[in-house]
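What follows is a set of notes on a single structure, which appears directly below.
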Amino acid sequence: MKKLYTYNFISRILFLLLVPTIFRALGFAFIWHSIFFGAITIVVIIWGTIILISPLLGRVGCGWICFMGTIQDLTSTVSLFKIKWNKPKRWIRVLNILIFFTTAFIFLFIRFDKGLVKGIEFAPWFLDMDFNAHYKHVWIYDTFGAVLLGLLLERRWACRNLCFMGALCAAGASYSRLIPVVDKSKCNNCGKCEADCLVRIPIKEYIANNQGLVTSSECLVCGKCVESCNKKALKIKFVWNRKNYIQESIDKITL
Ligand code: SF4
Ligand code: SF4
Ligand code: SF4
């Protein structure tokens, strides 16, 4: 388990390097265009699956795959400003979800009206394979955008506030069964896990107020906190019933 973060890091770097060749399967612009064309494509299937599994495995898509997140992680290590952790701004997230899907569906319905699209089609490879000029530009904008966001803002600020996909994954991850758990009997409250967390989740608050269950929907299940803890007090594990876990922990203390 201690090596989890090593595997996580390898995964993120691998996807970062591969992204120019598999951009069609990962880039959100392709989701927009899939809706536009009325096609269920590979990118829709992949991100749809990631959203669907988030109530079980949390934000694995954000923490293990997404190149935009990885770029922010890399650049935020030399961040120019240190902005304090703050909770995601829900209204910005909702607004971005609405803008993304409303615009895409409006175009789809216009095309329906004109008889250009015959219903929704299952067509994984519908969108062009080649990394043509248009999508190359999108990739370059995405990359530079993520570099700037990482340099100028708090860790993963954009993931917490701007990204519609992150918002959808976070909604599922609120119920995630796979979460970091602190064994309070081993923890000395040093705060290293919190300082090193890729998202700067206030882990100490969860230790103090939630019996060590880090139930934040922003958690990327990356394992960095596990690696950071010298006391071996932190593990990422399946907790099937959060309420029961908390109650049992309280019972143990009061016994
Ligand atoms: S929140 Fe969005 S940009 Fe950030 S890692 Fe998740 S999918 Fe990628
Ligand atoms: S790093 Fe370990 S010992 Fe320190 S606060 Fe986190 S869980 Fe506790
Ligand atoms: S709490 Fe741990 S696993 Fe979750 S994002 Fe932070 S460092 Fe990664």
Reachable lysines, given that their alpha-carbon falls under 17 Å from the alpha-carbon of residue 224 and they are not under 8 places away in the same chain: 2, 3, 192, 204, 232, 235, 237
³J(HN,Hα), Karplus 6.51/-1.76/1.60, whole Hz, each residue of the range 156-173, x for Gly, Pro: 6, 4, 5, 5, 6, 10, 9, 7, 5, 5, x, 5, 5, 5, 5, 4, x, 5
Estimated vicinal HN-Hα couplings, Hz - the range 206-216 in sequence order (Karplus 6.51, -1.76, 1.60; Gly, Pro = x): 6, 5, 6, 10, 9, 6, x, 7, 8, 8, 5
Part-to-part distance (alpha-carbon centres) for the range 52-68 and the range 1-22, which is given in Å: 13 Å
Cα→Cβ-extended label distance, 7 Å offset, between residue 90 and residue 14, nm: 3.7 nm
Potential extension, residue 148-residue 175 segment - 0.36 nm per residue separation minus Cα distance: 6.6 nm
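Rounded to the nearest 5, what % of the DSSP beta bridges within the chain are antiparallel ones?
The antiparallel fraction comes to roughly 75 percent.
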Spacing of the two label points (7 Å from each Cα toward its C-beta) at residue 137 and residue 2, in nm: 5.1 nm
Fraction in percent of alpha-carbon pairs per bin - 10 Å, the chain: 7, 27, 34, 19, 9, 3, 0, 0
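Suppose every K and R has +1 on its Cβ and every D and E has -1 on its Cβ; what is the size of the dipole of the chain about the Cα centre, in Debye to the nearest 20?
With only Lys, Arg, Asp and Glu charged at Cβ, the dipole is about 840 debye.
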Per-residue [θ]222 nm for the chain (sum of -39500 (n - 2.57) over DSSP H runs n ≥ 4, rounded to 500): -18000 deg cm²/dmol
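Here, each number is a calculation from the coordinates, and none is a lab measurement. What you are looking at is a predicted structure, and each value in this text was computed from that prediction instead of being measured. Cβ sites come from the backbone with ideal geometry, for glycine too, and all protein chains shown count toward neighbours.
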